[in-house]
Amino acid sequence: MSGDRFSLLIIGGYGTFGGRLAQLLGDEPRLRLLVAGRSLAKADDFLADLRSPKAGAGRLGSNDLGAWLQAVAFDRDGDLVEQLTRLKPDLVVDASGPFQTFGDDAYKVVQACIGLGIDYADIADSTGFVAGIGGLDAAAKVRGTFALSGLSSLPALSFAAIEAMAPEFSRVDAVAAGIAPSSHVKIGLNVVRAIATYAGKPVAVWRDGRKASGRGLIDDMRVVIAPPGAAPLRSRNFLLVDAPDLALLPQRFAGLQSSFTGVGTEPQALQRLLALSARLVRLKLLPSLMPFSPLLQRASHRFAVGDHRGGMFVRLDGLDAAGKSLTWGWHLIAEGDDGPFIPITGVAALVRRLLQGIRPEAGARPATEELQLADFEAEFRRFQIATGIRRENEAACPPLYQRVLGSAFERLPPAIAELHSVGQAGGARLASGRARTERGGGLLARLIAGIIGFPPAGEDVPVAVRFAADGETEIWTRNFGGKTFRSLQLEGKGRDRHLLAEVFGPFRVLLALVPDGEKLRLKVRGWRFCGLPLPLFLAPGGDTYEEERDGRFHFHVEIGGRLTGLVVRYTGWLVVE
């Protein structure tokens, strides 16, 4: 400890991830935070912005009451012993990179820290660097220090998710993990360079129970990221990336059959172009994508389209205790600019544990067993981040809404959960109540309402709804004062996975089920006409939700669009008979 404060040196402290770590820890009064980089001027400018009230909003408390912040110059190619001796850190965090390009003397910072008895951690995502740090284990133990590598999304967070799910399995056969950054996040050049190093090059993976050669940024898998209770990300392809998990997983699971780590970027068209470029490298028509890293970075910034949301998934396939096939998936979605904070939440959790006197064992190793999922989730509470685990292949067939919502179904108010607890095939329920209906006046709105059979406008109309389960489909038959119309509801498949699909004649509307306090909101995420996808901005929408009020189920359904205006709105209550 330096005086009364714990001294933390962040190498790359004003960079993409080091800067965010400084933001996340800047409100901690027990810290002396040294923001380091080659340019002292850039470090000073960064801290000036960090100390501003605007920077602190929502992330940091008052810096007068928070960490003691200092900008310092640090050159990893200079005299490391002299610099570290002068700065006297208790912990060094290397947030620079790309670790893939550190060369023959890749561990010189780690070795200098160990030699001086200084603890070390990094957010490396280089397979070779993370897997090889164990070569310094004996030296670290002699000095009584720890050196933890890979305290990032892959492998620290992914392994924490794996360990949360593994007890449910008697055998794990396959592990897949992937990161889906928001297209609106400004990706740092070092991140792009790291990816470019293995584009089109062989990547060591596990297939059919043995080591095999994958194709970087070419091999792929399609995944829908959908934490229970959150609107899913759009289905996307993930391209194979070289991550430490690929080397570490076979050590964790004896008999592992396959492994995959990937990245799924938006827009997908740009990612397909990246995959094509990787194929040119594989065919030796290009030596490498490294020279194109600045161009790739600019392209990712220029084509920032789509939702400002990012995510991550980890999936395990294997057998349960009874020997039956089992698939579980851990999912994460981060809203807006919160996604880039995820890779440094592990370091933040480590620092907070150190401040509480909880210290890792001495030694040098990959950071795959240091933190539990709960440690990360404690850091996630500062952000708009939703996480959860889904059991993907239930042996039984639970009610439709429970299948779509997963564990979030348990959080529904009782009146909503009761109404949607239609049994398995052959089950049916009836609910009745009163409603108020409104109809749009436009010609197209009247035409659509007539085709589907929506009820006419009315006040205090008696309403009855019959819910019938037919296999994996529910048939909803609604009767408003003698006017009947029907729709089919089912769970989306393939690209529409984890969405509720409601079918009205030739139209299929895709809905995300999102619990919101006492309400269950239904948000339109897409629609089809005779199976053909239609533009989302033209989709029928409106404020549609269910809620519990005074212990009774209430509904508010609004259907309309840009072209039609209001088609129909009906609100009211139901009681299950």
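The values are calculated or read from the model by the stated rules, or taken from the named source; none is laboratory data. This structure is a prediction, so every number in the text was calculated from the model and none was measured. Methodologically, a virtual Cβ is constructed for each residue, glycine included, from the backbone with ideal geometry; neighbour enumeration extends over all protein chains shown.
Results for (1) in contact (Cβ under 8 Å) with a residue 24 or more places away in the chain; (2) hydroxyl-bearing (Ser, Thr, Tyr); (3) touching a strand residue (DSSP E or B) at 6+ places or on another chain (Cβ under 8 Å), shown as yes or no for each residue.
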{"position": "Ala435", "(1), (2), (3)": "yes, no, yes"}
{"position": "Arg446", "(1), (2), (3)": "no, no, yes"}
{"position": "Asp460", "(1), (2), (3)": "yes, no, yes"}
{"position": "Gly471", "(1), (2), (3)": "yes, no, no"}
{"position": "Ile475", "(1), (2), (3)": "no, no, yes"}
{"position": "Arg521", "(1), (2), (3)": "yes, no, yes"}
{"position": "Cys530", "(1), (2), (3)": "yes, no, no"}
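Residues of the stretch 273-294 being in a helix (DSSP H, G or I) and touching a residue at least 24 places away in the same chain (Cβ under 8 Å), which ones?
Taking the stretch 273-294 and keeping what is in a helix (DSSP H, G or I), we get 273-282, 290-294.
Once the filter is applied, which keeps residues that are in a helix (DSSP H, G or I) and touching a residue at least 24 places away in the same chain (Cβ under 8 Å), the stretch 273-294 yields Leu274, Ala275, Ser277, Ala278, Arg279, Leu280, Val281, Arg282, Met290, Phe292, Ser293, Pro294.
Please name all residue pairs, on different chains or six or more residues apart, with Cβ atoms under 7 Å, provided the first residue is in the stretch 118-135 and is assigned by TED's automatic domain parsing to the domain that holds Arg353 and the second residue is part of a strand (DSSP E or B) and of a type in the set (Phe, Trp, Tyr).
Asp119/Phe146
For the stretch 1-68, which helices (runs of 4 or more DSSP H) that fit wholly inside it have 1 or more residues that are of a type in the set (D, E, K, R), out of contact with any His (no Cβ under 6 Å at 6 or more places or on another chain) and at pLDDT 85 or above?
So the answer is 18-25, 40-51.
Scanning the stretch 307-340 for residues that are modelled with pLDDT of 90 or more and part of a loop (DSSP other than H, G, I, E, B), which turns out nearest to Ile389 (Cα to Cα)? Reasoning before the result, please.
Taking the stretch 307-340 first, the residues modelled with pLDDT of 90 or more are 308-340.
Applying the additional criterion that residues be part of a loop (DSSP other than H, G, I, E, B) yields 308, 320-324.
Working: His308: 23, Asp320: 16, Ala321: 18, Ala322: 21, Gly323: 21, Lys324: 19 Å.
That would be Asp320.
Looking at the stretch 144-249, what strands (runs of 3 or more DSSP E) fall wholly within it and have at least 2 residues that are assigned by TED's automatic domain parsing to the domain that holds Gln372?
Details: elements: 146-149, 171-180, 202-207, 210-215, 220-223, 236-240.
So the answer is 146-149.
Right, Thr564: on the phi < 0 side of the Ramachandran plot, more than 32 Å from the chain's Cα centre (by Cα) and among the β-branched types (Val, Ile, Thr) or not? Break it down stepwise before answering.
Numbers: on the phi < 0 side of the Ramachandran plot: yes; more than 32 Å from the chain's Cα centre (by Cα): yes; among the β-branched types (Val, Ile, Thr): yes.
Taking the combined requirement at face value, the residue satisfies it.
Could you run through the stretch 32-42 and say how many residues are surrounded by 24 or more Cβ atoms within 10 Å (Cβ to Cβ) and of a type in the set (A, V, I, L, M, F, W, C)?
Our first condition is that a residue be surrounded by 24 or more Cβ atoms within 10 Å (Cβ to Cβ); within the stretch 32-42, this holds for 33-37.
Filter once more, so that each one left must be of a type in the set (A, V, I, L, M, F, W, C): 33-36.
Residues meeting the conditions: 4.
Give me a count of the residues in the stretch 396-426 that are assigned to a loop (DSSP other than H, G, I, E, B), of a type outside the set (A, V, I, L, M) and modelled with pLDDT of 85 or more.
Adding up the residues that qualify gives 4.
I'm trying to understand the selection: among the residues of the stretch 560-570, which are part of a strand (DSSP E or B) and within 13 Å of Arg446 (Cβ to Cβ)?
If the condition is that a residue be part of a strand (DSSP E or B) and within 13 Å of Arg446 (Cβ to Cβ), then Gly560, Gly565, Leu566, Val567, Val568 are the ones that fit.
State yes or no: is Arg429 among the basic types (Lys, Arg), within 39 Å of the chain's Cα centre (by Cα) and part of a strand (DSSP E or B)?
Criteria met by Arg429.
Does the stretch 310-333 contain at least one residue that is within 23 Å of Ile118 (Cβ to Cβ) and touching a residue at least 12 places away in the same chain (Cβ under 8 Å)?
No, that holds for no residue.
On the given criteria, is Glu361 surrounded by fewer than 21 Cβ atoms within 10 Å (Cβ to Cβ) and either of a type in the set (A, V, I, L, M, F, W, C) or under 22 Å from the mean Cα position of the chain (by Cα) (or both)?
No; evaluated as a whole, the condition is false for this residue.
Could you list, in sequence order, all residues of the stretch 295-306 that are surrounded by 15 or more Cβ atoms within 10 Å (Cβ to Cβ) and either part of a strand (DSSP E or B) or at pLDDT 85 or above (or both)?
Leu296, Gln297
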